[in-house]
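Here's the structure we're looking at; comments come further down.
The values are calculated or read from the model by the stated rules, or taken from the named source; none is laboratory data. On a predicted model such as this, the values are computed, not experimentally measured, just so you know. Cβ coordinates were reconstructed from backbone atoms using ideal geometry, including for glycine residues, and neighbour counts include every protein chain displayed.
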Amino acid sequence: MWWEIPKHLEVRNDTLFIAGKSTIELAQEYGTPLYVINADRIRANYQRLYSAVTKHLSKDRNFDINYAMKAHSGLAVLETLKEVGSHVDATSSFEVLTAEYVGFPKEKILYTGTSVKPEDMRITLGKAKMNIDSIGQIDRYAKLKDEEKFNPRVSIRINPGKGAGHVPECITAGKDAKYGVPEYQTIKAYKMAIDHGLEPVGIHCHIGSGILPPDIGTYYSAAETLLDLAGEVSKKLNIEFEFVDIGGGIGIPYKETDKPINMDIFGKKVAEIVESKADEHSLDNFTLKMEPGRYIVGNSEILLMAVVDVSDKYMLELGVDGGFNVFDRPARYNAYHEIVIANKADEEPKKDYRVSGNLCESGDVFTESKKTSRKLPFAEENDLIAILHVGAYGLSMASNYNMRGIPMEIMVDGGEQRITRERDTWEDLVFKQNF
Ligand code: PLP
């Protein structure tokens, strides 16, 4: 199968294995729905990107990966990444507090929010570096100057005027995007920051998520624009940048026909852009940052669900014991994810099934949209379904809709498995409320 990866996702005797563990045995032991994440895969993804880029950068240039924790903010995932040296990009004050709780030092946490309230900024003071999203936020942040842990050293998020992403909802730059300071206001924003007593040390952009060839060209072009802007700001305002953050967005193949990014070519291209623009604009010694989420965790996790109902309706309907509250990407974005019958993983696909969830919503399907189906082996009640590559924007987007619990997650690490998130109980859902 195209998605098999030795020691990570394998089919053995018709059964899907993850990290050497039988999915059938895991489902029997822990129940379903069940997220299963492989720590070694997270480490391998991190290392691959890190070495692909550092290999081509000039020797005295530092490179940081600020893992975008919105992709998966589980404590065990964060700890795994902390141990390999990752930094983090946090999008909310609670994400900042969580990164701190896991043990990331403040120098390694960048706080990139949008519509950021003073309260959110206040509770993160002394815990993260602020990456400012708008002209308005410069003013709101500067008003906190008298607070004890206020840090004037900030970065500013720029919208470089171009974006890319696997669906329109995931494009985060360009004229339709709500994020960042538009490129034509860059000088104004940095000047305003200085006039407000701030000390800008960083410049940032993030143009979208799920970028694959041929759109990856837009990623390179945005990086060039950002570095040109860094050069202009540096020259006009005499700012020496400590870091230039070219964002996340690196896509992964979800289906056989998706063209993966060749990491060596990617690393080389990024390094060439960075080094040549650094020379052109005499920008010395800045650290290059990237903030990938999906690339680091996307293919490290699967979701197991039991088949509850197989019925011939207007099409063959295969109903499972989780819904878009458990995994939202197919329903929300029409996103394609491989679906495998984990106990029949080697069997020939025979019939077209719509794989649907257990929520009271007709858009609650895992086969992208209400009208699509998937050719699968002959399916029966109590079969086990695995949805692949759910590590990014899976558990982190789960909800309690229909009063369904957020499921359990286990992590397999070095041959051992442990529960990294308990399954919600009815009490968890009810007793935070009052009459
Ligand atoms: N950085 C910022 C500011 C983001 O908004 C996002 C997600 O959209 C990311 C990084 C991570 O994106 P991805 O998971 O596609 O790498």
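A few comments on the model shown:
- No other residue among Lys127, Lys70 is of a type in the set (D, E, K, R), under 17 Å from Arg153 (Cβ atoms) and either at pLDDT 95 or above or away from the ligand (no atom under 15 Å from the Cβ) (or both) apart from Lys127.
- So Ser51, is it in a loop (DSSP other than H, G, I, E, B), modelled with pLDDT of 95 or more, out of contact with any strand residue (DSSP E or B) (no Cβ under 7 Å at 6 or more places or on another chain) and at negative phi: no
- In the condition set (1) in contact (Cβ under 8 Å) with a residue 24 or more places away in the chain; (2) away from the ligand (no atom under 15 Å from the Cβ); (3) under 30 Å from Asp264 (Cα atoms), Ile207 is compliant with all but (2).
- Top-ranked residue of region 235-283 - restricted to ones that are over 22 Å from Ile5 (Cα atoms) and within 15 Å of the ligand (Cβ to nearest atom), ranked as surrounded by the fewest Cβ atoms within 10 Å (Cβ to Cβ): Phe243
- Qualifying residue in region 18-38 (condition: outside the structural domain of Leu304 (by TED's automatic domain parsing) and in a helix (DSSP H, G or I)): no
- Taking the criterion of being away from the ligand (no atom under 16 Å from the Cβ) and assigned to a loop (DSSP other than H, G, I, E, B), the residues of region 382-401 that qualify are Asn382, Asp383, Leu388, Ala398, Ser399, Asn400.
- Pairs linking a residue in region 17-28 that is over 16 Å from Arg418 (Cβ atoms) to a residue that is among the charged types (D, E, K, R), with Cβ atoms under 7 Å and 6 or more positions apart or on different chains, are Phe17/Glu10.
- Region 284-303, subset outside any helix (DSSP H, G or I) and either in contact with a helix residue (DSSP H, G or I) (Cβ under 6 Å, 6 or more places away or on another chain) or within 16 Å of the ligand (Cβ to nearest atom) (or both), residue nearest to Leu395 (Cα to Cα): Glu301
- Checking Arg332, Arg354 one by one, the residue that is of a type in the set (D, E, K, R), under 28 Å from Met403 (Cβ atoms) and buried (at least 19 other Cβ atoms within 10 Å of the Cβ) is Arg354 and no other.
- Filter pass, Gly202 being within 11 Å of the ligand (Cβ to nearest atom) and touching a residue at least 24 places away in the same chain (Cβ under 8 Å): no
- Taking region 167-186 as the range and being under 18 Å from Ala223 (Cα atoms) and in a loop (DSSP other than H, G, I, E, B) as the test, the residues that pass are Thr172, Ala173, Gly174, Lys175, Ala177, Tyr179, Gly180.
- Scanning region 365-381 for residues that are of a type outside the set (Phe, Trp, Tyr), in contact (Cβ under 8 Å) with a residue 24 or more places away in the chain and in a loop (DSSP other than H, G, I, E, B) turns up Thr367, Glu368, Ser369, Ser373, Pro377, Ala379, Glu380, Glu381.
- Restricting region 418-435 to residues that are part of a loop (DSSP other than H, G, I, E, B) and of a type in the set (A, V, I, L, M, F, W, C), the residue that is surrounded by the fewest Cβ atoms within 10 Å (Cβ to Cβ) is Phe435.
- Residue among Ala222, Ala271 that alone is farther than 30 Å from Gly323 by Cβ and in contact with a helix residue (DSSP H, G or I) (Cβ under 9 Å, 6 or more places away or on another chain): Ala271
- Yes/no for Ser373 being surrounded by fewer than 20 Cβ atoms within 10 Å (Cβ to Cβ) and in the same structural domain as Asn325 (by TED's automatic domain parsing): yes
- When Ala189, Ala222, Ala164, Ala230 are checked against the criterion of being within 13 Å of the ligand (Cβ to nearest atom), small (Gly, Ala, Ser), in a helix (DSSP H, G or I) and in the same structural domain as Val88 (by TED's automatic domain parsing), Ala222 stands alone in meeting it.
- Output for region 402-417, where each listed residue is touching a helix residue (DSSP H, G or I) at 6+ places or on another chain (Cβ under 8 Å) and part of a strand (DSSP E or B): Met408, Glu409, Ile410, Met411, Val412, Asp413, Gln417
- Of all the numbered requirements in (1) within 16 Å of the ligand (Cβ to nearest atom); (2) at positive phi, Gly197 misses one, and that requirement is (1).
- Residues located in region 29-44, provided they are touching a residue at least 40 places away in the same chain (Cβ under 8 Å) and among the acidic types (Asp, Glu): Asp40
- Within region 20-40, the presence of at least one residue that is closer than 14 Å to Val84 by Cβ, under 25 Å from the mean Cα position of the chain (by Cα) and surrounded by fewer than 18 Cβ atoms within 10 Å (Cβ to Cβ) is confirmed.
- In summary, Met305 fulfils each of the numbered conditions (1) more than 13 Å from Ile203 (Cβ to Cβ); (2) not assigned by TED's automatic domain parsing to the domain that holds Leu26 with the single exception of condition (2).
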